[in-house]
């Protein structure tokens with residue numbers, strides 16, 4: 001027994017007597033993105049002063065950094081200094097930082113000490129209202145998040161996502177279709193497994209957070225470089241691999257799957273590679289997850305290859321390739337399955353991919369030209385075979401629904417940025433997108449039996465092979481009018497070859513510092529977006545001739561007005577208050593009095609297939625107030641309280657003001673976490689995180705039970721559209737785990753258990769007509785669900 005205790009003691013000591021880690025990075029001018037040679041990087045909270053100076057390329061390396069969370073201060077003559085807190089140093093992986101410094105308003109020959117952290121500020125220097133920066137550490141830290149950036153966003157003020165089965169992002173009452181996804185500066189299709197044409201969410205994210213660098217999330221009045229979106233922007237970027245050493249990561253989790261990642265130096269110009277591959281763990285185990293007994297199979301590969309700096313600029317290649325499939329077999333389906341029915345066999349396949357080439361060219365000391373060319377693909381196959389008179393002697397199986405959709409997109413983006421002076425920065429660019437859409441939709445749902453075979457007719461709603469171009473030139477500038485006053489102004493334009501519509505969209509934002517640590521923000525912008533592609537190409541029988549009567553629909557238009565107030569409540573505390581109003585017009589509605597509007601679409605896997613001859617006469621509005629109180633991670637803990645109180649309304653062609661399905665009314669999130677150092681040298685960490693979320697229930701259209709029983713399918717009371725509200729949503733998640741830094745300099749471990757919905761609260765998913773029971777049944781969302789994960793870095 002004593003020998004066993006001795007062996008365990010030696011083993012524990014070998015893991016806990018950790019050495020040190022490495023922090024490296026680059027310091028650049030925020031306005032011109034030029035590297036700053038001679039900037040000072042200081043490691044704070046050390047008994048002995050520790051620091052380094054950046055080289056010609058603005059790069060630095062801090063060796064022998066103690067394990068744990070560290071604080072850096074970066075300073076440069078004539079620039080405002082900045083503090084970077086919460087830099088987590090481990091033995092298993094080097095830390096790489098990109099640090100932006102802002103030139104002081106008045107020319108000085110000394111360092112300007114501001115001693116403020118910039119975690120709450122977006123990376124895009126022209127996004128100054130309704131925007132925040134987030135990093136991979138937050139994506140993986142928060143409990144209940146499943147390492148999904150979409151679910152991370154649900155914790156921010158103004159975002160509502162009370163759906164355990166999908167990661168659709170409802171921003172300030174806008175439809176999820178109003179979200180723009182960008183990767184490395186170009187728009188991409190929905191980066192989710194099991195995604196469908198026209199949607200922006202899905203059950204499982206295809207974005208690997210281990211490849212992400214700090215990125216921006218913008219919820220309103222976004223700058224002029226962003227277009228064809230109404231609700232918000234996810235502006236994501238991939239980090240570069242380690243240009244000095246080879247590093248590897250192995251990890252597994254229920255939702256993220258089994259993963260392997262490698263990175264390291266490439267070539268002689270300080271290039272690097274970064275590649276990761278994942279496969280669903282539940283697929284390997286052959287079990288169900290996420291609200292169904294069916295087994296989801298999905299996999300993805302992500303990469304970023306940087307060829308380093310040459311006389312011709314910096315060239316990199318990036319991409320994601322993902323596949324997913326699932327089979328819902330009626331005999332294996334439970335009555336409360338979220339996605340399938342007991343009298344159907346459903347087969348789902350989806351594909352997603354994006355590959356791009358990015359080139360950065362420095363033009364002098366204060367300008368650069370960034371050019372990106374990419375191609376992307378998104379496709380899904382959906383087949384439903386339904387049993388007729390199931391479990392009887394007359395049982396038969398017929399094809400009920402068949403969909404085959406694909407979108408291929410070629411994108412070209414070029415952007416010129418120049419810093420004319422420390423007070424004036426200009427940016428101009430052009431985005432060109434070529435869409436090729438192939439879509440087939442055959443469906444029997446809610447159809448008549450005109451051929452007398454006893455079954456509803458299999459109707460062709462969509463059968464297209466179409467192409468269109470969207471061209472978006474833009475111009476924007478930042479003018480530092482005074483030391484306390486900054487103006488960002490720009491103009492975005494948009495042209496579609498499908499309907500030959502050209503629109504102008506002015507954007508402007510003002511930041512004014514009332515006094516130290518107190519800032520007022522004003523934002524305004526016109527934003528327009530084309531109708532969802534699945535609606536644009538629907539077939540309609542007009543006097544015996546099949547026509548696409550929606551293809552000439554104009555862009556939907558939304559005017560955003562935002563007023564914000566930011567206050568620093570200490571070194572690590574921040575408060576923010578924002579009020580907003582969005583005025584929406586040109587929404588597509590039916591040409592006769594009806595409650596329908598395209599503003600209500602987009603929160604599910606599909607769109608209505610019988611909304612034709614639509615006209616741009618619908619209106620709507622979103623308004624609300626948001627409060628954020630945030631304690632950035634310091635002294636071993638963090639906290640985040642966000643609350644949103646809002647109203648989202650629309651009018652169809654009948655002129656009646658109604659709730660949108662996204663009008664939850666309120667959302668409140670409370671997150672907190674604490675770390676406890678352990679081990680002889682305090683190099684290892686026990687951690688616990690928790691999240692409480694509550695929101696108003698979604699509005700829905702009640703079922704006409706008698707009409708449904710007569711028809712044999714669900715019939716809704718459309719004159720009472722979105723008049724009923726489900727119960728309020730509540731969920732409590734708790735996550736805890738251990739981080740171990742090995743004595744081996746290049747080895748670290750992390751374990752966690754994430755207990756989601758620990759109270760097993762029965763949140764309502766939907767109330768729907770069940771054709772088997774001839775009743776309206778309530779289906780609840782996912783109950784208590786334990787997730788787990790393990791990561792090994794070396």
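The values are calculated or read from the model by the stated rules, or taken from the named source; none is laboratory data. Note that the structure is a prediction, hence the values are computed from the model and not measured. With ideal geometry, Cβ positions are generated from the backbone for all residues, glycine too; neighbour counts draw on all protein chains shown.
Okay, here's what the table says:
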| item | result |
| --- | --- |
| Out of 440, 504, 431, sole residue that is surrounded by fewer than 16 Cβ atoms within 10 Å (Cβ to Cβ), part of a strand (DSSP E or B), assigned by TED's automatic domain parsing to the domain that holds residue 605 and modelled with pLDDT of 95 or more | 504 |
| Residue among 396, 386 that alone is free of Cβ contacts under 8 Å to residues at least 12 places away in the same chain, closer than 22 Å to residue 341 by Cα and in the same structural domain as residue 499 (by TED's automatic domain parsing) | 396 |
| Candidates 517, 499 - the one that is under 30 Å from residue 434 (Cβ atoms), at pLDDT below 95 and in the same structural domain as residue 218 (by TED's automatic domain parsing) | 499 |
| Cβ-Cβ under 6 Å pairs, at least 6 apart or on other chains, the range 528-541 side within 19 Å of residue 558 (Cα to Cα), far side assigned to a helix (DSSP H, G or I) | 531/598; 532/177 |
| Options 632, 700: the member that is in contact (Cβ under 8 Å) with a residue 12 or more places away in the chain and either closer than 27 Å to residue 770 by Cα or over 22 Å from the mean Cα position of the chain (by Cα) (or both) | 700 |
| Residue within the range 713-724 that is free of Cβ contacts under 8 Å to residues at least 24 places away in the same chain, surrounded by 15 or more Cβ atoms within 10 Å (Cβ to Cβ), under 33 Å from the mean Cα position of the chain (by Cα) and closer than 20 Å to residue 341 by Cβ present | yes |
| Unmet requirement for residue 168, which otherwise passes all of (1) in contact with a helix residue (DSSP H, G or I) (Cβ under 7 Å, 6 or more places away or on another chain); (2) part of a helix (DSSP H, G or I); (3) more than 27 Å from residue 98 (Cα to Cα) | (2) |
| Among residues of the range 28-60, those that are under 34 Å from the mean Cα position of the chain (by Cα) and either under 23 Å from residue 634 (Cα atoms) or in a loop (DSSP other than H, G, I, E, B) (or both), counted | 14 |
| Residue in the range 29-42 that is at pLDDT below 90 and buried (at least 18 other Cβ atoms within 10 Å of the Cβ) present | no |
